[in-house]
1. Answer with yes or no whether A:Ala123 is in contact (Cβ under 8 Å) with a residue 40 or more places away in the chain and either over 23 Å from A:Thr53 (Cβ atoms) or touching a helix residue (DSSP H, G or I) at 6+ places or on another chain (Cβ under 7 Å) (or both).
2. Looking at the range A:92-113, which of its residues are without any contact (Cβ under 8 Å) to a residue 60 or more places away in the chain, surrounded by 21 or more Cβ atoms within 10 Å (Cβ to Cβ) and among the hydrophobic types (A, V, I, L, M, F, W, C)?
3. May I ask you to list the residues in the range B:1-21 that are in a loop (DSSP other than H, G, I, E, B), surrounded by 13 or more Cβ atoms within 10 Å (Cβ to Cβ) and at pLDDT 80 or above?
4. Within the range A:59-87, how many residues are closer than 30 Å to A:Ala34 by Cβ and surrounded by fewer than 22 Cβ atoms within 10 Å (Cβ to Cβ)?
5. Which residues, taken from the range A:259-274, are within 8 Å of chain B (Cβ to nearest Cβ) and either at positive phi or among the charged types (D, E, K, R) (or both)?
6. Scanning the range A:275-334 for residues that are aromatic (Phe, Trp, Tyr) and away from chain B (no Cβ under 12 Å), which turns out farthest from B:Leu42 (Cα to Cα)?
7. Residue check: is A:Arg284 among the basic types (Lys, Arg) and at pLDDT below 95?
8. Filter the range A:330-371 down to residues that are touching an Asp or Glu at 6+ places or on another chain (Cβ under 9 Å) and of a type in the set (S, T, N, Q) and give me whichever is farthest from A:Ala299 (Cα to Cα).
Amino acid sequence: MADGCDRDARFDRRRTLGALGLLFVVVHIGIPFAGALAFRRFGDAALKGALATRTSDPWILDALGGLLARDGQYYLAIASEGYRSPKSWAFFPLYPLATRALGPLLGGAPRAGLAIALVASLACCAMLYRMAAAASGEAAAARAVALFLAFPTHFFFSAFYTEALFFAFVALAMTSSARHRWGLAALAGALAAATRSSGILLVPSLAIAAWRRGDWRTIDRRAAWLALVPVGTLAFFAAGYVATGHLDAPLAAQHAWARKTTFPLLTIAQAAQDLRLHPFDLQRDIDLAATLGAFAVAARALRRVDAAQSVYLLLALAMPLSSGLVHSMARYVAGVPAVYLVLAQDLSSRRRLFPVLAASLIAQLWLAIRFCEGVGIV
Amino acid sequence: MSRVTAPAFAAFPTLLERRTTAVAITEWALALVPLAFFLAGLIVPK
């Protein structure tokens, strides 16, 4: 705290916000532009063919199609045809439904999805800034937003993925609960739970935080609003039952994606065994590094950020690791606000911050280009 | 200088507060136990 306040004395808000705005443009316009060039020149033929069956939009087919690679294909299929395959039930519905609803206004579901991601990313920056400023001062908030934008897997926030929308709902739930607006926090939580499976983690995280604020003795009764959060999850399971006749359609889909219940630490050991057999697997190696790094950040979070943030980070690591795979952990870690709150406190000097930002941006550019070619990490 | 600091937010407690030995052990364990499982996975053949 003292660090943030001391640094605020020489904090130039206008200049800093200008720099963050420029960084936002570089990351959300510049990197997708580079991705578009890569998609046009080297884009995967199968991806281009699949896109051509779902849209005739030249902006998508000739430029931005790379942003709809990998999971984006599933979200686009859900937006245009609904849940057709058993595997598709692994994807929660709010984002594809929103793209479908806004598609007629914005020139089709693909454009609508990318526009939602862009606007939600801006909201993410604003809420992350507010969260970090309230806890550690505006200088730390600026660092948190810069680290958020430069994070190597941040390009998923520009893609046809749920990352931006989900992060925005999680951040809104946390900032609202911090101001004791439990109704709004519950609404944001329910929307997060309808966007991604991990939205349900807001229930224990905010409940424990509310209890912790009462010094483990009392809990704000208005926190009972949090019981509304699972409505987002339950609505999806109910829709699955209506469509397939099976209440566990979203859970059964996890088996189709080769995920099975495993003790989280064993998942790390199994991935390390795979690493020994086949050392060069970009996806697995990045996910393993992100997992181990995130646990180190979680350790530092325990005494440095709001209890809600720490609990959410711990659960957000444990939940995907419980599925037996480290797959996509680098993307999941990028979607946890506490990561940036901790890093912003630890990288308080420019001499440490700027090299980290530069290296992260270069890594993000490379990963984004690979992703837009249709062969990158998911 | 400008601030958007909301005192109520800043006053919220962290999950662990006092710097006791038990807290320090918890912090180190959270960082190192996953690393230990990673190293065990590298050493133990599949």
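The values are calculated or read from the model by the stated rules, or taken from the named source; none is laboratory data. Keep in mind that this is a model prediction, so the values were computed, not measured. All Cβ positions, glycine included, derive from the backbone under ideal geometry; neighbour counts span all protein chains shown.
1. Values: in contact (Cβ under 8 Å) with a residue 40 or more places away in the chain: yes; either over 23 Å from A:Thr53 (Cβ atoms) or touching a helix residue (DSSP H, G or I) at 6+ places or on another chain (Cβ under 7 Å) (or both): yes.
Yes; evaluated as a whole, the condition is true for this residue.
2. Scanning the range A:92-113 gives A:Ala109, A:Ala112.
3. Those that are in a loop (DSSP other than H, G, I, E, B), surrounded by 13 or more Cβ atoms within 10 Å (Cβ to Cβ) and at pLDDT 80 or above: B:Pro13, B:Leu15, B:Leu16, B:Glu17.
4. Pass one, the range A:59-87, residues closer than 30 Å to A:Ala34 by Cβ: A:59-80.
With the extra rule that they be surrounded by fewer than 22 Cβ atoms within 10 Å (Cβ to Cβ), the set shrinks to A:59, A:61-63, A:70-71, A:73-74, A:77, A:80.
Going through the range A:59-87 one residue at a time, the tally reaches 10.
5. Residues of the range A:259-274 that are within 8 Å of chain B (Cβ to nearest Cβ), as a first pass: A:265-266, A:268-274.
The one that is within 8 Å of chain B (Cβ to nearest Cβ) and either at positive phi or among the charged types (D, E, K, R) (or both): A:Asp274.
6. First pass over the range A:275-334, keeping only residues aromatic (Phe, Trp, Tyr): A:280, A:295, A:312, A:332.
Filter again for away from chain B (no Cβ under 12 Å), leaving A:280, A:332.
On the way: A:Phe280: 14, A:Tyr332: 24 Å.
The residue in question is A:Tyr332.
7. Numbers: among the basic types (Lys, Arg): yes; at pLDDT below 95: no.
No, not satisfied.
8. Only one residue fits best here, namely A:Ser348.
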